[in-house]
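Each remark here refers to the structure printed beneath this line.
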Amino acid sequence: MNIANDIIHNKYIWVPFFTWLSIQVFKVIVDSIKSKKLNLRRLCGAGGMPSSHTAVVMVITIMIGKNVGFGSYAFAATFIFSLIVMYDAAGVRRAAGEQASVLNKIIETPGLSGLEVQKRLMEALGHTPIQVLVGAIIGIVIGAIF
């Protein structure tokens, strides 16, 4: 058994990876057009349209369903995992981003806070439900293709 060869030819690794990469590059391009400057940090950043996290887990879920069976324990496990990731993206992480936005405003308001902060908190952490839905659709389509 050649582990390296198995990994190199494992579509369950490469299809989700290139799905993630494509979405993140898309976000860099859109952000660069909007801000009129190249921000490569956006490549690994969270948030934005569409949700790459959602697309990746849905690609894996659909691929497993197609290739192992939609009645299999592997599909069930990845489906539940996908629901948790989507809930987290649109719920918990989004709420954390909204809280960061409020805290940044409090810290930046003169006289309101005696805190001296070196950097702003990250606000783009989560996704809107639409961003998650679009990520899910992308993941389902790509998963169905492969």
Residue selected from region 12-49 under the condition over 25 Å from ILE60 (Cβ atoms) and assigned to a loop (DSSP other than H, G, I, E, B), by the criterion modelled with the lowest pLDDT: ASN39
Qualifying positions in region 62-99 - modelled with pLDDT of 95 or more and hydroxyl-bearing (Ser, Thr, Tyr): SER72, TYR73, THR78, SER82
Near pairs, Cβ below 9 angstrom, 6+ apart or cross-chain, from region 68-83 (within 21 Å of GLY135 (Cβ to Cβ)) to any residue that is surrounded by 14 or more Cβ atoms within 10 Å (Cβ to Cβ) and of a type in the set (S, T, N, Q): PHE75/THR61; THR78/THR61; PHE79/THR61; PHE81/THR61; SER82/THR54; SER82/THR61
Candidate set: region 5-41, residues that are within 12 Å of the chain's Cα centre (by Cα) and more than 17 Å from VAL141 (Cα to Cα); chosen: the one surrounded by the fewest Cβ atoms within 10 Å (Cβ to Cβ): GLN24
Unmet criterion (only one of (1) in a loop (DSSP other than H, G, I, E, B); (2) more than 17 Å from ILE142 (Cα to Cα); (3) among the hydrophobic types (A, V, I, L, M, F, W, C)) for PHE70: (2)
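The values are calculated or read from the model by the stated rules, or taken from the named source; none is laboratory data. In this text the structure is predicted, and so the values were computed from the model without any measurement. Please note: Cβ atoms are built from the backbone with ideal geometry, for glycine as well, and neighbour counts cover all protein chains shown.
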